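The values are calculated or read from the model by the stated rules, or taken from the named source; none is laboratory data. These figures come from a predicted structure and were not determined experimentally. Methodologically, a virtual Cβ is constructed for each residue, glycine included, from the backbone with ideal geometry; neighbour enumeration extends over all protein chains shown. Surface accessibility is based on the protein's heavy atoms, side chains included, excluding ligands, DNA and RNA. Shrake-Rupley method; radii C 1.70, N 1.55, O 1.52, S 1.80 Å.
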Amino acid sequence: MQTFILRRLMVGVVILIFLSLATFVLLHVVPGDPAKLRCGLSCQPEQVAAIRHQLGLDKPLFPISFSGSLPFIEFGPSQYGDWVKSLFSGDLGVSQYYQQPVATALQNRFPVTFELMVLTLILTVLIGVPFGIVSAVFRNSAVDYLVRTTAILGLSVPNFWLGTLVLIVPVAVWGYSPPLGRVISFSADPIGNLKQFGPPAAVLALASAAGIMRLARSSLLEVMRQDYMRTARAKGLKERAVVLRHGLKNSLIPVVTVLGLQVAGLLGGAIIIEQIFTLPGLGQYVFQELLYKDFQVVQTMTVYVGAIVILMNLAVDVSYAWFDPRIRYS
Amino acid sequence: MAGSYWDKFTAQRVSRRRVLQGAGVAGAAAGAVLIVGCGSGKSSNNNGTSTGSTPAGGGTPAAPTGFRLLNNSGTPKAGGSYNIGTSVDFDTFDPHISIAGGVAYFPRLYNAVINRSPVDNNFKFDDLASSLEQPDSTTYIFTMRDNVKIGPNKLGVPERNMDAGDIKATFDRIKNLPQANAYAFVGPNIASVDASADGKTTTIKTPKPYGYFFFRIGSAINLIVPKELIQQADKMKSASAGAGPYVLNPGDYTEGQNAKLTKNPSYYRKDENNNNASLPYLDQMTVKIIADRSALRTAFQSGQTEQYTAQDVNDANSLQQGGPNYTVNRDTTNTFIAFTMNPLNAPWKDDRIRKAANFALNRQEYVDRVYAGQAKQNGLVHWSLGDYALPPSELKTLQPFDPQQSKQLIQAATGNSTIDITVMWPDNSIIEEHNLHLPIWLSQMQNAGFNIKKDPQAFATWLTNYTNKKYDASLALNQVYETAEFEMDFESKEGPAGSNIYSNGLGAIDPAIEKAIIDSKAITDPAAQAKAVQEAQRMMYAKGPMFLPLVTPYAFTLFQPYVHNIPSGIGAGSALFLNTIWLAK
């Protein structure tokens, strides 16, 4: 198991190096000069030059350059080199937009996104798995059709549209809206916190719960056809015990796999939902900085999200062994 | 001063016009705002509270007729917290380099030397200066007000009176700071700033007469910062210390959430209409960062904010239907979408083709379809700049909607009734108005004989091409011009701010027009300058204008019924300096 984890981590590092290079190159290939974007209409060339220098955009892209004389290769300061150094040192520089240290901003905003993700995943599991079981157990019944139709609806409705509706309908009908423009911490006011994070988490969870529900249903149906399930019934176990104790655990492997992958998707969805519900999390931060072509922040966040996805995948793979003891890593 | 396209881009679908409009009327301060005639140096106590006020709530507000306070009934009451939602987050609270949301709040924190409203020349707000002497057309001697005291703060700036040294330190800083927003103004237009030894007099000299001096010097990007704070400018990023009506203490700005401005108990202005009560009335102003428009609207409807700038008149009307008795402020704006031609490139180098474009456009269609009638047609200078713009009656003859004449001009120039043109614009614009203008514009031009080769570009590409003048023609995003200078500059040889970017104006091909533009800048009497600007426009029409601002709309800001003394009619930029609002709750 240790060898397996170590090998996966090493592969992860290689992936991250490629990811960092790809992100760096792609962002710099896209047309548009951040210094010009930052400058106003009446911006003079020396203003642009000053901003370019301030942002380090006047340095070469990569630390290696080629020359016509020996030793033909020169190493020097570069934008990529500076950025990679900053990733390791933790000094991520200053945001072009906010003019504040990026590390501090990430530190402040991470808890918001983290809570949103955790709440979303909890809701996803709480909604998706039980309804998947119900749907499988009562296959082809009215309940099954109702659950499946709802799931298709959940998958079809775009979350930005649903999020907007969740904001504008209650205020139009009851004059109510979730708190906006400030973050209520869970420790200070748990109810207020849930009022604030509940609606966006529910919106994000709807689509993922629908997917999980469908997957849990099909997986459970598959498992319920297995011989050992028949054996369990034959030895006189109640149907409830057959489904929950023998069927459910074995049917959860694909569900866990998808849940792990959904974390990355949810981080993407959070960009929009945090905007709509005014939650100052990482998604909103990246969105703002992306508009501003703040290379440093966007590159850093891409690599961090990449790292999270790699770690989540690893965690999912490792968890298989718990769900199915027959699985061994060697 | 002009806002940049980038201001708009970063605003996430909310124009700077809205930023200013949204914040502009929200401050609290003098029911008895002291308005001083700068030019004469004489003071008057015209606080404007009794002129043309509009009753609270409901109905269509009257057209602007100068400065007035909306919902001005009752005796002002001190206290309370005022909440504003803004879609534009703060970048830095350094007033000289911020280009984002902070711009709309700096007049709450710092002082100007003086401010003059670009939409109402009668409105002059003397702030640090109590009087002005102009011995010649390039010298401005300001006498400092002697009671503008820096408020209690946590940045270690002494609580002393602001003096001439602060003005000198501020302009010296801007002059040596290329990334400062006002660098383009201060560099070429301010020759020297001298402070008298006693700190009571500031002498500013311009290299040559400059007619837009007062508008520029009083803008929100030229605010005066205490010299001690300039020495430690890093502290300005997230806090303030000054003599403005409010102070932002360290820790009161939470990135991505809100900024809490606290009343400055030392603020010097009093409400003369209310027994010289201390101003501002509000204890706190909280600016909430609410990025999404639906969320902004929701926050207002649910009472989490006290004001909301509607998307348009229909949005304002729908909020009023069945809602509380909101007060609506319909105010002028300085924004428009413009069509820019490059007169050095074919086919636009032919005067007749430029004129054909001018006749092709039915500006009233934009007024009706984009703004539901709540806008007006522009000439070459937008209408809300008053006397600087040509009157509608004259525009009817100078820019009639006449597609047949367009075709005749094209025929005369090319021998064909149609002509192929390439036009770029920023694709997938996040500015709603642009997306609404585009199809109308394409249809109008097509009907007048222009076969358009569409060249939509990613925003950054478009901006790069625009600034490098690599285009034949462009439909430009809406822009914010608070004076006629930039519109005139577009038609000049060197483009806006003389920086040789954005446009090759008519000045490049017609020395007489170039001279008229340059001469108009040097006229310091507003009435005479307005006449000169009008005359320059007539010359441009005769030559075939290359920069066509289409229409400029009104802005609609709604206030909760308990918000009183809302400044209106002077333009959002000037309203930022007033702190008249109080809350009846």
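Accessible area of A:T150, 1.4 Å probe, to the nearest 10 Å²?
80
Quick one: net charge of B:S278's neighbours, Cβ under 11 Å, K/R +1, D/E -1?
Details: positive: B:K263, B:R269, B:K270; negative: B:D271.
Residues close to B:S278 contribute a combined charge of +2.
Between A:G236, A:G192, A:G283, which gets the highest mean-square fluctuation from a Gaussian network model of chain A, Cα cutoff 10 Å?
A:G236
May I ask what percent, to the nearest 5, of DSSP beta bridges between residues of the range B:338-553 are antiparallel?
On the way: 10 of 19 bridges.
Antiparallel bridges make up about 55 percent of those DSSP assigns within the range B:338-553.
Can you compute the modelled spin-label distance between A:A188 and B:K470, with each label point 7 Å from Cα toward Cβ, in nm?
Computed distance between label sites A:A188 and B:K470 equals 5.0 nm.
List residues of the range B:309-330, by number, whose backbone nitrogen lies under 15 Å from a label position 7 Å along Cα→C-beta of B:E432.
B:309-320
Tell me which residues come under 5 Å, amide H to amide H, from A:S95 once H is placed; ignore anything under 5 positions away on its chain.
Hits under the 5 Å cutoff: A:Q100, A:V102.
Is it possible to state the helix-based mean residue ellipticity at 222 nm for chain A, with each DSSP H run of 4+ residues giving -39500 (n - 2.57), the sum divided by total residues, to the nearest 500 deg cm²/dmol? What is it? Display every interim value, and only then the final one.
Numbers: 12 runs with 232 residues, N = 330.
Theoretical 222 nm ellipticity from helices: -24000 deg cm²/dmol.
So what's the projected area for the protein assembly as shown, the Cα convex hull averaged over all directions, in nm²? Each step should come with its number before you reach the end.
On the way: hull surface 182.3 nm².
Averaged projected hull area, Cα only: 45.6 nm².
How charged is the neighbourhood of B:D146? Take every other residue with its Cβ under 10 Å from the Cβ of B:D146, and add Lys/Arg as +1 and Asp/Glu as -1.
Values: positive: B:R145, B:K149, B:K200; negative: B:D163.
After counting each charged neighbour, the total is +2.
Residues with amide H under 5 Å of B:Y82's amide H, sequence separation 5 or more or different chain, H placed in the peptide plane at 1.01 Å from N; which?
Close amide H contacts, sequence-distant or interchain: B:Q284, B:M285, B:T286.
For the range B:309-325, what does the Karplus curve 6.51 cos²θ - 1.76 cosθ + 1.60, with θ = phi - 60°, yield as ³J(HN,Hα) per residue in whole Hz, taken in order and with x for Gly and Pro?
Per residue, the Karplus-derived 3J(HN,Hα) values read 8, 5, 5, 6, 5, 5, 4, 4, 5, 5, 5, 6, 5, x, x, x, 7 Hz.
Ordering A:L180, B:L344 from largest to smallest accessible area (1.4 angstrom probe), what's the sequence? Mind showing how you got there, number by number?
Details: A:L180 0, B:L344 80 Å².
Largest accessible area first, the residues go B:L344, A:L180.
Starting from the 7 Å offset along Cα-to-Cβ, what nm value, one decimal, do you get for the label separation of B:A412 and A:T231?
9.8
For the pairs B:K208/B:K396; A:K85/B:K260; B:K227/B:K493; B:K470/B:K543, flag any whose C-alpha to C-alpha distance is greater than 30 Å. Mind showing how you got there, number by number?
On the way: B:K208/B:K396 36 Å; A:K85/B:K260 36 Å; B:K227/B:K493 38 Å; B:K470/B:K543 23 Å.
Table pairs above 30 Å Cα-Cα are B:K208/B:K396; A:K85/B:K260; B:K227/B:K493.
Let me know the shape class of chain A, please: from the alpha-carbon gyration tensor, a ≥ b ≥ c as square roots of the eigenvalues, rounded when a/c is under 1.5, otherwise prolate if a/b is greater than b/c, or oblate. Before the final figure, lay out the partial values.
Details: a/c = 2.97, a/b = 1.60, b/c = 1.86.
Oblate, because a/c is 1.5 or more while a/b does not exceed b/c.
Take every residue in peptide A:278-284, count the Cβ atoms of other chains within 10 Å of its Cβ, and give the average of those counts. Could the numbers behind the result be given before it?
Numbers: counts 13, 3, 8, 1, 0, 0, 5.
Mean inter-chain Cβ contacts per residue within 10 Å come to 4.
Would you list A:R214, B:R330 from the most to the least accessible area, probe 1.4 Å? Provide the component values of the computation, followed by the final result.
On the way: A:R214 110, B:R330 25 Å².
Greatest to least solvent exposure: A:R214, B:R330.
Would you tell me the accessible area of B:Y308, worked out with a 1.4 angstrom probe on the heavy atoms of the protein chains, in Å² to the nearest 10?
Accessible area of B:Y308: about 10 Å².
B:G373's amide H: which non-local residues (gap 5+, or another chain) put their own amide H closer than 5 Å, with H modeled 1.01 Å from N in plane and none for Pro or chain starts?
B:D368
What shape does the range B:338-553 take by its C-alpha gyration tensor, where a ≥ b ≥ c are the square roots of the eigenvalues and a/c under 1.5 counts as rounded, a/b above b/c as prolate, and the rest as oblate? Write out the running numbers ahead of the final one.
On the way: a/c = 1.27, a/b = 1.25, b/c = 1.02.
Judged from the Cα gyration tensor, the range B:338-553 comes out rounded (a/c under 1.5).
Using θ = phi - 60° and the Karplus curve 6.51 cos²θ - 1.76 cosθ + 1.60, what whole-Hz ³J(HN,Hα) does each residue of the range B:365-378 get, with Gly and Pro shown as x?
Each residue's phi maps through the Karplus curve to give 5, 5, 4, 6, 8, 8, 10, 6, x, 9, 7, 9, 6, 9 Hz.
Considering only protein heavy atoms, with the full assembly of protein chains and a 1.4 angstrom probe, order A:H53, B:H564 by accessible area, largest first.
Values: A:H53 125, B:H564 20 Å².
Output order, biggest surface exposure first: A:H53, B:H564.
Any chance you could look up the accessible area of B:E482 with a 1.4 Å probe, heavy atoms only, rounded to 10 Å²?
B:E482 exposes around 30 Å² with every protein chain in place.
Which residue, A:L37, A:L123, A:L87, has the most motion in a Gaussian network model of chain A that connects Cα atoms within less than 10 Å?
A:L37
In sequence order, what are the phi-derived ³J(HN,Hα) couplings for the range B:331-344 according to the Karplus relation 6.51 cos²θ - 1.76 cosθ + 1.60 with θ = phi - 60°, rounded to whole Hz, with x for glycine and proline?
So the J values, rounded to whole Hz, are 10, 6, 10, 10, 10, 6, 9, 10, 9, 10, 10, 9, x, 8.
Assuming a ≥ b ≥ c are the square roots of the Cα gyration tensor eigenvalues, decide whether the range B:229-367 counts as rounded (a/c under 1.5), prolate (otherwise, with a/b larger than b/c) or oblate.
Values: a/c = 2.32, a/b = 1.64, b/c = 1.42.
Prolate, since a/c reaches 1.5 and a/b exceeds b/c.
Where does chain B land at 222 nm, in deg cm²/dmol rounded to the nearest 500, when only DSSP H runs of n ≥ 4 count, each adding -39500 (n - 2.57), divided by all residues?
On the way: 19 runs with 164 residues, N = 585.
One gets -8000 deg cm²/dmol as the mean residue ellipticity at 222 nm.
With a 1.4 Å probe, how much accessible area is buried between chains B and A, both sides summed, in Å² to the nearest hundred? Don't skip to the end; give the middle numbers.
Working: alone 20140 and 18610 Å², together 34650 Å².
The contact between A and B buries close to 4100 Å².
Can you work out the FRET efficiency for the pair A:L26 and B:D387, with r the C-beta to C-beta distance and R0 = 56 Å, to the nearest 0.05?
Efficiency, from the Cβ-Cβ distance: 0.65.
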